[in-house]
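Here's the structure, in structure tokens; my notes come after.
The values are calculated or read from the model by the stated rules, or taken from the named source; none is laboratory data. Computed from a prediction, not measured in an experiment: that's the story for all the values here. So basically every Cβ, Gly included, is an ideal-geometry build from the backbone, and we count neighbours across all protein chains shown.
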């Protein structure tokens, strides 16, 4: 059975080098985003231990689904220890692309966590007697192979 031309064109476009834009000399890949979307960090998975799980997204609900992916990633990967709030490195990259200061990132994390996690963060802040953003430690990016499929795809 021959491969349809549309699939061949799609694969060719995916692997072609960047093209020059009309405005000037800025190279753009055919599937590059036209503007920055920091929340895309929670949709990208290279198969490493630190990456979010693989999920399916639909065009109509993409923004809601990406926000949900961010919330679920935060809930699953943020840890409160006796002396620190441990945040995954993916959140560091997200904050950088979203131009968020650390205190604003911590506020976002607090809004996205469960009630139990919020209580643990409040206890940490009370115990150390300083702002919670002063207690942040970054978890190292783990590049070990681990490809996780989101539970919705597994069903």
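Go through the residues of region 87-97 one by one and say whether even a single one is surrounded by fewer than 15 Cβ atoms within 10 Å (Cβ to Cβ), assigned to a helix (DSSP H, G or I) and touching a strand residue (DSSP E or B) at 6+ places or on another chain (Cβ under 9 Å). The answer is yes; a qualifying residue exists. Among the conditions (1) out of contact with any strand residue (DSSP E or B) (no Cβ under 7 Å at 6 or more places or on another chain); (2) more than 30 Å from residue 35 (Cα to Cα); (3) part of a helix (DSSP H, G or I), the only one that residue 117 does not satisfy is (1). Can you tell me which residues in region 120-138 are in contact with a helix residue (DSSP H, G or I) (Cβ under 9 Å, 6 or more places away or on another chain), outside any helix (DSSP H, G or I) and modelled with pLDDT under 95? Once the filter is applied, which keeps residues that are in contact with a helix residue (DSSP H, G or I) (Cβ under 9 Å, 6 or more places away or on another chain), outside any helix (DSSP H, G or I) and modelled with pLDDT under 95, region 120-138 yields only 131. Pairs linking a residue in region 140-154 that is over 16 Å from residue 69 (Cβ atoms) to a residue that is loosely packed, with under 10 Cβ neighbours inside 10 Å, with Cβ atoms under 9 Å and 6 or more positions apart or on different chains, are 143/46.
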